[in-house]
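Peer 1: Would you mind keeping the following structure in view while I ask a few things?
The values are calculated or read from the model by the stated rules, or taken from the named source; none is laboratory data. Note that the structure is predicted; figures quoted are calculated from it, not measured. Heads up, the Cβs are rebuilt from the backbone with ideal geometry, glycines too, and the neighbour counts pull from every protein chain shown. For the accessible areas, the whole protein counts, side chains as well, though only heavy atoms, and no ligand, DNA or RNA atoms are used. Shrake-Rupley method; radii C 1.70, N 1.55, O 1.52, S 1.80 Å.
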Amino acid sequence: MHKRIRMRGAGCVRADRYGTFEIGGRELQPLLAEALRESCGGREGDLCLAGRLTLTLEIWEEPLAVQGGASRQEGRT
C-alpha cells in the first residue's frame with residue numbers, strides 16, 4: 001500500500017518556543033493525524049505505519065492581509 005496525503009493551505013504561520021506550530025490558527029499536528037486517519041479508511045485509535053513526511057514552508061515577505069488572501073485549506077488527496 002503506497003498512498004500520499006497532500007494538504008495545502010495558507011494563513012498566518014506561528015511557531016512558539018514550546019513546539020506549537022500553527023497555520024491559520026489551527027495546530028498542524030492534529031490536522032495531519034486527521035488526514036492520515038481519513039486516508040486509512042477512517043480507522044479509530046492509534047495507527048502505526050511506515051512513512052515519510054516532508055514539510056515545505058514558503059515564507060512571504062509581507063503579512064497575509066497585504067497579500068490579499070484569507071486563511072484557507074484546500075482539499076486533500
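Peer 1: Suppose we filter the range 1-49 for residues that are touching a Ser or Thr at 6+ places or on another chain (Cβ under 9 Å), of a type in the set (A, V, I, L, M, F, W, C), open to solvent by 70 Å² or more (accessible area, probe 1.4 Å) and not in a loop (DSSP other than H, G, I, E, B); how many remain?
Peer 2: Residues in the range 1-49 being touching a Ser or Thr at 6+ places or on another chain (Cβ under 9 Å), of a type in the set (A, V, I, L, M, F, W, C), open to solvent by 70 Å² or more (accessible area, probe 1.4 Å) and not in a loop (DSSP other than H, G, I, E, B): 0 in total.
Peer 1: Given the structure, is residue 77 assigned to a loop (DSSP other than H, G, I, E, B), at pLDDT 85 or above and more than 11 Å from residue 11 (Cα to Cα)?
Peer 2: For residue 77, the condition - assigned to a loop (DSSP other than H, G, I, E, B), at pLDDT 85 or above and more than 11 Å from residue 11 (Cα to Cα) - is not met.
Peer 1: Write out, first by first residue and then by second, each pair whose Cβ atoms fall under 6 Å of each other, whose residues are 6+ apart or on separate chains, and whose first residue, in the range 1-15, is touching a residue at least 60 places away in the same chain (Cβ under 8 Å) and over 11 Å from residue 40 (Cα atoms) while the second is part of a loop (DSSP other than H, G, I, E, B) and charged (D, E, K, R).
Peer 2: 7/76; 8/74
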